[in-house]
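Remarks on the structure that follows.
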Amino acid sequence: MIYEFSDLTLDLDRHLLTRGGKPVKLTKLSFKALQDLVKAAPSLISHDELIDQIWGPRRVITLDNLSQRMKTMRQSLGDDPNKPIYIEGVRGEGYRLVPEVTVRPPTTSGPKPVHSWRPGMLAILIVILAVLLGWLAMERTNFTDDEPAVSSLDSTPPAPDISDRPREPAVAVLPFANLSADPTNQFFADGIHDDLLTRISKIQDIKTISRTSVMTYRGSDKKVGAIAQELGVSTILEGGVQRAGDQVRINLQLIDAETDAHLWAQTYTRQLTATNVFIVQAEITEAVAGALQAILSEDERQQFEKQPTANLQALDAYFRGNQFFDQHTSESLAQAIVAYRSAVDLDPEFALAYSNLALAILQQVWLNGYPIQAQLEESRPFIDQAILLDPQSTSAFTALGRWFQTAGDLDKSEKAFKQALVLGPNNSSALAHYGNLKQRMSDPASALRLFEKAMELDPQNNGLKHQLAEIMGTVGLAKEAIPMMEGILANQPDHAGTYRVLADLYSLGLYRHDKAMKALRMAYELDPGHPWNSFNIGNMNYRMGDFENASLWLNHAASLVPASEQAPILRGWAYINARDLESARKEFDRSTEENIVYWIGVFTLARVDTADGRPEDAIERYMDYEPDFDGRKSLLNFSYGVGAIHAYQKLGELEKAQALIDEMMLVVEANPPLSYHAVHILDASLYALAGQSESAIELLANWVDQGGSTSFLQIQTGFELSVLADDPRYQELLQTVENRLNEQRANLARWEANGEMPPIPSVVRGPE
């Protein structure tokens, strides 16, 4: 529903508060509080009722916490408590909404959003940012738990079948040659190829290799048999497309890879219309299925017989958009968005174009660092329209899953991805996105299975290899994943992204921070202008206890994107490493809650505040986020809880601390530690704060026995683990870790001295 009051609009289906069409930023709890007040208007909600509604009945929350929450919300709204125009507080009773509320139902598709272009910003992926605190993943959201507007997600679909059962026959559709006189028509040949591949992939009985892998063979002189062996298929479909005037000709042949025999061949010549293109592709799909003796269900037949658009110009624009999207650059992404917009303008009923437009807009968050909420707001109407036009669209539900994942609603994201895979079980993109989600939900075993299935369908996709390797590192298979990355570098020695993944494997999987640093310095040499590279090097210095160099590299990362919203956060971390806490606080105060890095930084600062004798400031920061301890879905939330316990103890509020300890112990006892090294430290911190020193020491000793070596443990000495400081066993563990780090620091110095690793550049080090 949509609630309008004064100059504000609260859209619960889109989880959005706007003023004059522009988003109003609220924290998660502030949004929840406002929602409750709006729904109750004009009635007053008592203090106790409001506390229960915002935090839940099990929370240890006081009126002071509620007052601070309402203060924060009023500041965000621009409301004066002495002359309230939105929220009125009644002394000793509660709060009410002042203006009159108008309620109206949501629209399935809103007005066309106005696209705004912004300079490229620091695109820091969650998993890369989170390693600052040791693989602490975060599900930060400014949104509520209302049901989505799309009715197709009202019930959870069954989990897709991702078992290892045989899926023969298997086919690879190689890139189609452009047989036209005009070489620019390659986009049209590629578009025909992509659409046909998508149609064949909808057939459950045929394993279909994904586009990314088959496109690596464009222009290849390899024999069909060799390609089939590399891709793990039994048959190859190849051909060409000729576009001339108002005619189109498609030549195809299906080849048995083992015998090189033609199983089927056909030439189609038609008048060039969008309808004819899709009719031909449906005929081809059925012919391929028949040649491979695949059993077609009626649903599958209906799916590949669909005609997405009858507008040839819209189809051309859509094909061009796909071509740009696949280039994975900021410039090409912008061009893809323009092309997709043109497609939906030309045909407002083109569901696939709406889906891809939404995905491209969302991709700006991850590729360009665009503000999350703005991209969510812009993309959601297109997703809703795609599903409205085609409720059986794999692409649309993949986009919806991506939307909820970006928004932080992981449960709804999972529902959407499951539905996408029910509709398209051979869709490697949906499998990969679902795998990313399961990883973020701290279920690396499921993520591993999903990525392995995606890799089976897309074996030459380096992006999938990167993600699979990262997951393997979290489940104790880093040693097995390293050769995969080395294999990529053997063919692409200038691939900076592969060096970044290799660094994660060495550091987080094998605790070889020296080898990780060497890989990151190589990444920087290859791409010095990419802020990730400088950020990751700063983070690695942090892990090794080199706080001076950590500050230098973090400041350098900020200097590369001085106008971005992430810059003050990076500078804040740099100041923390330099032990300049007041400057760190000022930088964080200048930052925004728009992005995830803010909240990771706030956690860091809250811990520092506790250690600095300001636990009351730390509590205020923790309560602004309010962690949920209902499982290990978010390790950062869990970290917030550990930090809050420590702050409450420092304040002398022991009952509140004990209530959190009891709640979190239930989680620890019900969920065994994951492979993340940080989990051992977090659990040890919880046991230490609970007074269970023996259990804490045991967990830490286990981590050290596994090869653990990171300054994270040393940083903790003045923080949550400080209660163990006088224990000789703890001191011995610290010394073991320090010895390992000293060996690795010596390796780095030697490598730099003999030229195996480039020195710190002057642009980072500054003038001598």
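Below is a table of values for the structure above.
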| item | result |
| --- | --- |
| Condition met for A396 (surrounded by 21 or more Cβ atoms within 10 Å (Cβ to Cβ) and within 23 Å of D345 (Cβ to Cβ)) | yes |
| The stretch 491-513 residues that are in contact (Cβ under 8 Å) with a residue 60 or more places away in the chain, paired with ones that are among the aromatic types (F, W, Y) and buried (at least 21 other Cβ atoms within 10 Å of the Cβ) (beta carbon under 7 Å, 6 or more apart) | R500/W532; L508/W135; R512/Y506 |
| Failed criterion for E349 (all others in (1) touching a Leu at 6+ places or on another chain (Cβ under 9 Å); (2) assigned to a helix (DSSP H, G or I) hold) | (2) |
| Test: residue in the stretch 475-486 that is under 29 Å from T198 (Cα atoms), assigned to a helix (DSSP H, G or I) and either in contact with a strand residue (DSSP E or B) (Cβ under 6 Å, 6 or more places away or on another chain) or not hydrophobic (A, V, I, L, M, F, W, C) (or both) | no |
| Test for Q439: is it among the polar types (S, T, N, Q), farther than 26 Å from I203 by Cβ, touching a Leu at 6+ places or on another chain (Cβ under 6 Å) and part of a helix (DSSP H, G or I) | no |
| The stretch 646-659, subset buried (at least 24 other Cβ atoms within 10 Å of the Cβ) and out of contact with any Pro (no Cβ under 6 Å at 6 or more places or on another chain), residue nearest to V608 (Cα to Cα) | H646 |
| Members of the stretch 719-750 found to be aromatic (F, W, Y) and modelled with pLDDT of 95 or more, listed by number | none |
| Residue check for D36: closer than 30 Å to E616 by Cβ and at pLDDT 85 or above | yes |
| Filter result for R320 (of a type in the set (D, E, K, R), more than 20 Å from D384 (Cα to Cα) and in contact (Cβ under 8 Å) with a residue 24 or more places away in the chain) | yes |
| Complete set of residues in the stretch 181-211 that are in contact with a Gly (Cβ under 9 Å, 6 or more places away or on another chain) and outside any helix (DSSP H, G or I) | K202, K207, I209 |
| Which numbered condition D662 misses (of (1) modelled with pLDDT of 80 or more; (2) closer than 28 Å to K25 by Cα) | (2) |
| Single residue of the stretch 199-221 satisfying the filter (of a type in the set (S, T, Y) and crowded, with 24+ Cβ neighbours inside 10 Å) that is nearest to S395 (Cα to Cα) | S201 |
| Candidate set: the stretch 219-237, residues that are outside any helix (DSSP H, G or I) and of a type in the set (A, V, I, L, M, F, W, C); chosen: the one farthest from F176 (Cα to Cα) | V233 |
| Residue match in the stretch 274-282 (condition: in a helix (DSSP H, G or I), surrounded by fewer than 16 Cβ atoms within 10 Å (Cβ to Cβ) and among the aliphatic types (A, V, I, L, M)) | yes |
| Where P23 falls short, out of the listed (1) within 30 Å of I645 (Cβ to Cβ); (2) modelled with pLDDT under 85 | (1) |
| Selected residue [touching a strand residue (DSSP E or B) at 6+ places or on another chain (Cβ under 8 Å) and not in a loop (DSSP other than H, G, I, E, B)] from E525, E456 | E456 |
| The lone exception for G473 - which of (1) of a type in the set (G, A, S); (2) modelled with pLDDT of 90 or more; (3) buried (at least 22 other Cβ atoms within 10 Å of the Cβ) it fails | (2) |
| K412 modelled with pLDDT of 90 or more, within 30 Å of K22 (Cβ to Cβ) and of a type in the set (K, R) | yes |
| Meets criteria (of a type outside the set (D, E, K, R) and in contact (Cβ under 8 Å) with a residue 40 or more places away in the chain) for I227 | yes |
| Meets criteria (in contact (Cβ under 8 Å) with a residue 60 or more places away in the chain and in a helix (DSSP H, G or I)) for I295 | no |
| Residues of the stretch 1-47 satisfying the condition of being touching a Leu at 6+ places or on another chain (Cβ under 6 Å) and basic (K, R) | R19 |
| Conditions (1) modelled with pLDDT of 80 or more; (2) touching a Lys or Arg at 6+ places or on another chain (Cβ under 9 Å); (3) surrounded by fewer than 19 Cβ atoms within 10 Å (Cβ to Cβ): number failed by T18 | (2) |
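Let's see how each residue does on (1) within 24 Å of K306 (Cβ to Cβ); (2) surrounded by fewer than 21 Cβ atoms within 10 Å (Cβ to Cβ); (3) within 14 Å of the chain's Cα centre (by Cα):
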position	(1), (2), (3)
L376	no, no, yes
D384	yes, no, no
L400	yes, no, yes
F404	no, no, yes
A407	no, no, yes
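Conditions (1) under 25 Å from the mean Cα position of the chain (by Cα); (2) of a type outside the set (V, I, T); (3) closer than 25 Å to W366 by Cβ, marked per residue:
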{"residue": "Y506", "(1), (2), (3)": "yes, yes, yes"}
{"residue": "Y511", "(1), (2), (3)": "yes, yes, no"}
{"residue": "L520", "(1), (2), (3)": "yes, yes, yes"}
{"residue": "E525", "(1), (2), (3)": "no, yes, yes"}
{"residue": "P528", "(1), (2), (3)": "yes, yes, yes"}
{"residue": "N533", "(1), (2), (3)": "yes, yes, yes"}
{"residue": "I537", "(1), (2), (3)": "yes, no, yes"}
{"residue": "R543", "(1), (2), (3)": "yes, yes, yes"}
{"residue": "F547", "(1), (2), (3)": "no, yes, no"}
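The values are calculated or read from the model by the stated rules, or taken from the named source; none is laboratory data. Computed from a predicted model, the values in this text were never measured in an experiment. So basically every Cβ, Gly included, is an ideal-geometry build from the backbone, and we count neighbours across all protein chains shown.
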